[in-house]
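The values are calculated or read from the model by the stated rules, or taken from the named source; none is laboratory data. Everything numeric in this text was worked out from a predicted model, so none of it was measured. Please note: Cβ atoms are built from the backbone with ideal geometry, for glycine as well, and neighbour counts cover all protein chains shown.
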Amino acid sequence: MENAQSQGQGSVILMVIAGTLLGFGLGWFVGVNNVSPESADDTRAEQVAVDGELADSDILPVGDSPILGNPNAPVTIVEFTSMQCPHCGRAGETLKQLVERYPEDVRLVFKHFPLRMQQQARPASIAVEAAHRQGKAFEMKDGLFARLSDYRNSDMEELASEIAEEIGLDVDQFRQDFNDDAVAAKVDADLELGGRVGVRGTPHFFVNGETMSGAQPLDAFAETVERKLEEVAQMREDGVADDQIYVASIQRHLGDDDGPAERAADQPQREAADVHMVDVHDDDAIKGAAEDDVLVTIMEFSSFQCPFCARGAETMRQLLEKHGDEVRLVFKHFPLGNQQMAEPASRAAIAAGNQGKFWEMYDLIYENQRQLSDDKLTELAQQIGVNMDRWRTDWEASETAELVQRAQREGRSAGVRGTPGFLINGIVVSGAQPLNVFEGHVHDQIEIAKKVREETGKSGNELYAAIVEYNKENAGGGAEAPTPEREPAADEPTVIDEDALSVGDSYFKGAEDAPVTIYEFSSFQCPFCARGGETMKQILERYDGQVKLVYKNFPLPFQQQSEPAARAALAAGEQGKFWEMHGALFDNQQRLAQDGIFEELARNIGLNMDQFKADFESEAIAEQVKAEQREGQSVGVRGTPAFFVNGEMVSGAQPVDAFARIIDRHLEDN
């Protein structure tokens, strides 16, 4: 499946990489870039206002909202929160960790967005705003989220007054402020502002104007902060003054000729969740809650030879450990055609299940995923102690094969195209998402299920069907449905003319005539670009024959080893080993500043050293690096990694499913 460019033109081709997954610890970047303002104050518990240092935006003003962190930081996160939303409480803890990680570079601005269906959200916001008058908004916020379970049976003023005393407020003053109409008006003003800038659910964040939705993991926020720090560095190079960074960033993302009110009015509501009804059959493999007790049904569509399915299986195990009294897992077979042993493995698991040992076989298959063969499956069946004659008969039976095919048909009817795929009470969740994403859905669905059960009196599979129907009508934007935690909807994408980029002498992997081409602009010293390589591997596996990935060098100026690393990769390419050097560079990313590292890696991959040294120093190689960088700049690349999927731009270390949604759309168009 590897394709080669003309070697006479300096390239044999092989595969590309690219990037992303949701982040990792990145304090390193700040030290390299020195992007923190020298005048920044120390991190503090709460700032009452911007202290007059940074210019404010009239589109998304900070105003006198509570601030956590350095009030003059180059990256501003504006958080819209509903004080009765459990995901908001979890997100708040994550953001505190983020501010601790970036004490000079991040300020958190808190805004109120009480959701209508959460009756105590507005009075809780009023309590936070009243505490803000005494400089302790975040302490009140934390105290209220810690006692979220007390909301239902408490008067908010009394509950908040208890917390006010605990955090050292003047309680009489707090009560007076709690009942001050001006405090309530501040909450309502934040709610109105959120509506104007397109907030539709909580938690919702603007990171220097860029939207993020849901209780994302810490590293997802860190990755976005790192990209924003790169953007800030570029803005400074372009002559933007430090005190104008926030205003310019908000204008870039949220401003237009019509103004924020008109822009928000034209913005569509969040797209409803994709919901499908798939039946639970008596012969399905099920574990978790008993049928009469189940509130959440998760269907797992998996291929036993898919490494991401193995990761998803571990996540499901953790989920059931926490919620097994109310959640059941229903396994649905979805063997992928390009995985030769996936279908036999599914039949092997069903055959074991006929003797009550499906889940034992399930675990062993995933544990031995890389060694699967007919003999290995037989060995695993012997390990779990089934009757081997019966197992072999069932394994080879046409009825068993039909059960696999039935599950595949069900998956396709529900829109499953790759694995793993999940339905959570019918709501589609694609890919091996982290545990917190599933927990967010489960928490929402438990509340919905209790409501539907109370209204209908149903249980078991009848309740499951009623919940799916409810989700079809309400999920993702219904007036009473809780906002499920999920990946944010993307802003309107930047699209370039596909002819603006070409393969040229660059290296690529995938089918040469694939219907989807991804161009990746990457820097070998960028940690997110390393992550990107792993993401692109997953994409190429998932879309075998349908995606071509083209690697373009885009060394960043503040990463001193990124340009010589790019030349090393291209020099290796002159001997047909670009991808070997590419992998070695990312594997040794932390060592790139060591003397002799490029020669060491060249020897390790078996290059002719005289030729490598000559090519590494050649003007032609240096010019190719510059040409690829100019190509990126011509289409708007400002940081790495950056991707163009059939011309549609994807910035930063996005998860696999962010790419998959775009790829699927382009494949459908073709």
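Structure data summary
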{"quantity": "Selection count, the stretch 332-356, where residues are more than 24 Å from residue 542 (Cα to Cα), surrounded by fewer than 20 Cβ atoms within 10 Å (Cβ to Cβ) and not polar (S, T, N, Q)", "calculated": "1"}
{"quantity": "Members of the stretch 659-670 found to be touching a strand residue (DSSP E or B) at 6+ places or on another chain (Cβ under 7 Å) and surrounded by fewer than 20 Cβ atoms within 10 Å (Cβ to Cβ), listed by number", "calculated": "660, 666, 667"}
{"quantity": "Members of the stretch 384-408 found to be part of a helix (DSSP H, G or I), within 38 Å of the chain's Cα centre (by Cα) and farther than 9 Å from residue 334 by Cα, listed by number", "calculated": "400, 401, 402, 403, 406"}
{"quantity": "Residue under evaluation residue 197, criteria (1) over 30 Å from residue 656 (Cα atoms); (2) among the aliphatic types (A, V, I, L, M); (3) crowded, with 17+ Cβ neighbours inside 10 Å, criterion not met", "calculated": "(1)"}
{"quantity": "Filter result for residue 401 (surrounded by fewer than 22 Cβ atoms within 10 Å (Cβ to Cβ), touching a Lys or Arg at 6+ places or on another chain (Cβ under 7 Å) and either over 26 Å from residue 464 (Cβ atoms) or touching a residue at least 60 places away in the same chain (Cβ under 8 Å) (or both))", "calculated": "yes"}
{"quantity": "Answer from 473, 462, 512 - the residue that is part of a helix (DSSP H, G or I), at pLDDT 85 or above and not basic (Lys, Arg)", "calculated": "462"}
{"quantity": "Residue in the stretch 165-174 that is more than 23 Å from the chain's Cα centre (by Cα) and under 26 Å from residue 77 (Cα atoms) present", "calculated": "yes"}
{"quantity": "Qualifying residues in the stretch 275-312 (those that are part of a strand (DSSP E or B) and among the charged types (D, E, K, R)) - the one farthest from residue 457 (Cα to Cα)", "calculated": "300"}
{"quantity": "Matching entry among 575, 611, 633 (being surrounded by fewer than 20 Cβ atoms within 10 Å (Cβ to Cβ), free of Cβ contacts under 8 Å to residues at least 12 places away in the same chain and polar (S, T, N, Q))", "calculated": "633"}
{"quantity": "Test: residue 211 is not aliphatic (A, V, I, L, M) and not in a helix (DSSP H, G or I)", "calculated": "yes"}
{"quantity": "Matching residues in the stretch 366-377 - criterion: being more than 11 Å from residue 352 (Cβ to Cβ) and either outside any loop (DSSP other than H, G, I, E, B) or in contact (Cβ under 8 Å) with a residue 60 or more places away in the chain (or both)", "calculated": "366, 367, 369, 370, 371, 372, 374, 375, 376"}
{"quantity": "Condition met for residue 530 (within 26 Å of the chain's Cα centre (by Cα) and touching a residue at least 12 places away in the same chain (Cβ under 8 Å))", "calculated": "yes"}
{"quantity": "Filter result for residue 625 (β-branched (Val, Ile, Thr) and under 30 Å from the mean Cα position of the chain (by Cα))", "calculated": "no"}
{"quantity": "Meets criteria (more than 20 Å from the chain's Cα centre (by Cα) and surrounded by fewer than 22 Cβ atoms within 10 Å (Cβ to Cβ)) for residue 100", "calculated": "yes"}
{"quantity": "Pairs where the first residue, in the stretch 429-441, is closer than 10 Å to residue 87 by Cβ and the second is outside any strand (DSSP E or B) and among the β-branched types (Val, Ile, Thr), C-beta under 6 Å, 6+ apart", "calculated": "none"}
{"quantity": "Residue list for the stretch 185-203, filter: in contact with a helix residue (DSSP H, G or I) (Cβ under 6 Å, 6 or more places away or on another chain) and part of a helix (DSSP H, G or I)", "calculated": "186, 187, 196"}
{"quantity": "Residue 336 in contact with a Ser or Thr (Cβ under 9 Å, 6 or more places away or on another chain) and part of a loop (DSSP other than H, G, I, E, B)", "calculated": "yes"}
{"quantity": "Complete set of residues in the stretch 575-616 that are of a type in the set (D, E, K, R), in a loop (DSSP other than H, G, I, E, B) and modelled with pLDDT of 95 or more", "calculated": "577"}
{"quantity": "Residue 200 vs. criteria at pLDDT below 75, in the same structural domain as residue 101 (by TED's automatic domain parsing) and not hydroxyl-bearing (Ser, Thr, Tyr)", "calculated": "yes"}
{"quantity": "Of the criteria (1) touching a Phe, Trp or Tyr at 6+ places or on another chain (Cβ under 9 Å); (2) among the charged types (D, E, K, R); (3) surrounded by 16 or more Cβ atoms within 10 Å (Cβ to Cβ), which one residue 314 fails", "calculated": "(3)"}
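The rows are residues; the columns are (1) closer than 21 Å to residue 163 by Cβ; (2) modelled with pLDDT of 90 or more; (3) outside the structural domain of residue 147 (by TED's automatic domain parsing); (4) surrounded by 24 or more Cβ atoms within 10 Å (Cβ to Cβ).
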position: 53; (1), (2), (3), (4): no, no, no, no
position: 60; (1), (2), (3), (4): no, yes, no, yes
position: 71; (1), (2), (3), (4): no, yes, no, no
position: 83; (1), (2), (3), (4): yes, yes, no, yes
position: 122; (1), (2), (3), (4): yes, yes, no, no
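Listed here are the residues, each with its yes/no results for (1) without any contact (Cβ under 8 Å) to a residue 24 or more places away in the chain; (2) closer than 16 Å to residue 543 by Cβ; (3) touching a Leu at 6+ places or on another chain (Cβ under 8 Å).
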site	(1), (2), (3)
591	yes, no, no
622	no, no, no
626	yes, no, no
637	no, no, no
656	no, yes, yes
668	yes, yes, no
